[in-house]
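K.L.:
Supplied in structure tokens, the structure appears directly below.
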Amino acid sequence: MRVLLTRIDTTDPLPSSADVVVIGAGIVGVFTAWFLAKRGLKVALIEKGVVGGEQSSRNWGWVRQQNRDARELPIATESLRLWEQFEAESGETTGFQRSGLLYLSNDDNELARWTRWCDFARTAGVKTEIFGAREAKERGRATGREWKGGVFAPTDGTADPGRAAPAVARAIRKLGGTVHQNCAARGIETEAGRVCGVVTERGVIRTPMAVLSGGAWASTFCRQLGIRFPQATIRASVAAVSLPRGSLPDAMHTSEITITRRGDSTFTLAISGIAKFDPTVQKLRYGRDFLPMFSSRWRSLSFGTTEGIRSGHEGLKRWRLDEPTPMEQMRVLDPSVDEPTIKEIRRRAAALCPIIGTARNAGSWSGYIDMTPDGVPVIGESAQLPGFVLAAGLSGHGFGIGPGVGHLVADIVTGETPIVDPAPYRHERFDKSVWGRVADF
């Protein structure tokens, strides 16, 4: 893999039974398993590849409330608290810090949109600071540019994508849970119309509850169960440079480039929204569902390659439970980097912050971001299959809200009062063939 990722040990052997089986060990899956283990449940976390190997280690690492969709803001706020709680209780380090997030702009319309969001956020108790040209120049001094204004979100922050999911997985094992890597889930067994087991490539785990946090693979897995879950992925590329801490703001966004400190001496560079649309049969199947979203984003998306078809995560194939599946043929989605995008990222970054032009290149990578038609995740128990809980379609927001989603899933599984209202995340909102409004924020 191109991306930097902490590796952890796996648990052997596979248990014959568990109270809950969590499928997929990205950030949502590990936090779900951790919160369940904290409540005394016997939890088995299974992962076809390695913990955090896909998008959970390839994202920017932002943990934010700023500019969140109104439906996601409550879970984003709770997640910030839970990131801190996890480190305090587990003794593990995810790299989380409330560094603050800096937004700078010379676009009047963009500044007005940010101002409207900040006015809304204050009604929800979210602290954010709007400022004009003088303060923008000072806060953005690494750019050496004049700015009309910006926003600073002081309570928001970042965590290290390469360390976070593995750290939570280690904490699960401390609580008695088990973590099984290179172990793909092939399907679900049922009895009397509800979940009674999870079939893996290494055997069956008897369980009354299965949580699917499968990221880009979730829709394909749901298809095996006769569950319609509209999902589509886009392929985004990121570059990294090595610079001393303090050379740049820890987290800064402009329309040209976004910069984030990752670890102690590496900064990731990305262009917000720019991505490749790799055509697949699944995208064709859900084309009408995604028409509003992709129509609004056509300026930032461009057609990619057939790599999405070859990867197998968006296929319509149905497989047998006693034969290898596409997940076993593609253990970790490690898509190719779009070199023209990387070249443009580096050009823009050096033009924005001249010190980047002198920095050592620290690599580049790409990842598939799984989207829903409205850009909001699905979290909840399936009405079609009792005992099956879906937590997927995080739409590029999953890393930051991972702890909140994990807590909410644990609440749903155990029947406890949910940490936030789960209604906005119900799967049933996609029952119509085309979902209408794309969020304003």
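The values are calculated or read from the model by the stated rules, or taken from the named source; none is laboratory data. Not measured: the values here are computed from a predicted model. Cβ: placed from backbone, ideal geometry, glycine included. Neighbour counts: every protein chain shown.
K.L.:
So residue 315 clears everything in (1) touching a Pro at 6+ places or on another chain (Cβ under 8 Å); (2) closer than 28 Å to residue 347 by Cα except one condition, right? Which one?
P.N.:
(2)
K.L.:
Determine, yes or no, whether residue 81 is farther than 28 Å from residue 327 by Cβ and assigned to a helix (DSSP H, G or I).
P.N.:
Values: farther than 28 Å from residue 327 by Cβ: yes; assigned to a helix (DSSP H, G or I): yes.
Taking the combined requirement at face value, the residue satisfies it.
K.L.:
Confirm whether residue 299 is closer than 27 Å to residue 231 by Cα, in contact with a helix residue (DSSP H, G or I) (Cβ under 8 Å, 6 or more places away or on another chain) and not acidic (Asp, Glu).
P.N.:
Criteria not met by residue 299.
K.L.:
Hey, another quick one. Write out, first by first residue and then by second, each pair whose Cβ atoms fall under 7 Å of each other, whose residues are 6+ apart or on separate chains, and whose first residue, in the range 115-133, is within 27 Å of residue 145 (Cβ to Cβ) while the second is part of a loop (DSSP other than H, G, I, E, B) and of a type in the set (A, V, I, L, M, F, W, C).
P.N.:
117/441; 133/147
K.L.:
List the number of the failed condition for residue 142; all other conditions in (1) over 23 Å from residue 248 (Cα atoms); (2) part of a loop (DSSP other than H, G, I, E, B); (3) aliphatic (A, V, I, L, M) hold.
P.N.:
Every condition holds for residue 142 apart from (1).
K.L.:
Could you go through the range 376-398 and let me know if any residue there is touching a Cys at 6+ places or on another chain (Cβ under 9 Å) and of a type in the set (A, V, I, L, M).
P.N.:
Yes - at least one qualifying residue is present in the range 376-398.
K.L.:
Mind counting the residues in the range 281-324 that are acidic (Asp, Glu), surrounded by 13 or more Cβ atoms within 10 Å (Cβ to Cβ) and more than 23 Å from residue 396 (Cβ to Cβ)?
P.N.:
0
K.L.:
Separate question: Please go through (1) of a type in the set (S, T, N, Q); (2) within 26 Å of residue 151 (Cβ to Cβ); (3) under 18 Å from the mean Cα position of the chain (by Cα); (4) not in a strand (DSSP E or B) for residue 219 and return the number of the only condition it doesn't satisfy.
P.N.:
That leaves (2) as the condition not met.
K.L.:
Of all residues in the range 190-234, how many are acidic (Asp, Glu) and surrounded by fewer than 17 Cβ atoms within 10 Å (Cβ to Cβ)?
P.N.:
Matching residues across the range 190-234 total 1.
K.L.:
Going by the structure shown, is residue 54 at pLDDT 95 or above and touching a strand residue (DSSP E or B) at 6+ places or on another chain (Cβ under 8 Å)?
P.N.:
yes
K.L.:
All but one of (1) outside any loop (DSSP other than H, G, I, E, B); (2) of a type in the set (Val, Ile, Thr); (3) crowded, with 24+ Cβ neighbours inside 10 Å hold for residue 51, so report the exception by its number.
P.N.:
With (1) outside any loop (DSSP other than H, G, I, E, B); (2) of a type in the set (Val, Ile, Thr); (3) crowded, with 24+ Cβ neighbours inside 10 Å applied to residue 51, the lone miss is (1).
K.L.:
Let me ask something additional. Looking at the range 407-427 only, could you name the residues that are within 20 Å of residue 373 (Cα to Cα) and either free of Cβ contacts under 8 Å to residues at least 60 places away in the same chain or β-branched (Val, Ile, Thr) (or both)?
P.N.:
422, 423, 426 - these are the residues of the range 407-427 that are within 20 Å of residue 373 (Cα to Cα) and either free of Cβ contacts under 8 Å to residues at least 60 places away in the same chain or β-branched (Val, Ile, Thr) (or both).
K.L.:
Which one of 392, 423, 351, 410 is in contact with a Pro (Cβ under 8 Å, 6 or more places away or on another chain) and either over 29 Å from residue 262 (Cα atoms) or of a type in the set (A, V, I, L, M) (or both)?
P.N.:
When all the criteria are applied, what remains is 392.
K.L.:
Filter the range 348-365 for residues that are over 16 Å from residue 26 (Cβ atoms) and touching a strand residue (DSSP E or B) at 6+ places or on another chain (Cβ under 9 Å) and give the result.
P.N.:
348, 349, 352, 353, 356, 359, 360, 361, 362, 363, 364
K.L.:
Follow-up. Condition test on residue 122, is it of a type in the set (Lys, Arg), surrounded by fewer than 24 Cβ atoms within 10 Å (Cβ to Cβ) and either part of a strand (DSSP E or B) or under 22 Å from the mean Cα position of the chain (by Cα) (or both)?
P.N.:
Here the answer is no, as residue 122 does not meet what is asked.
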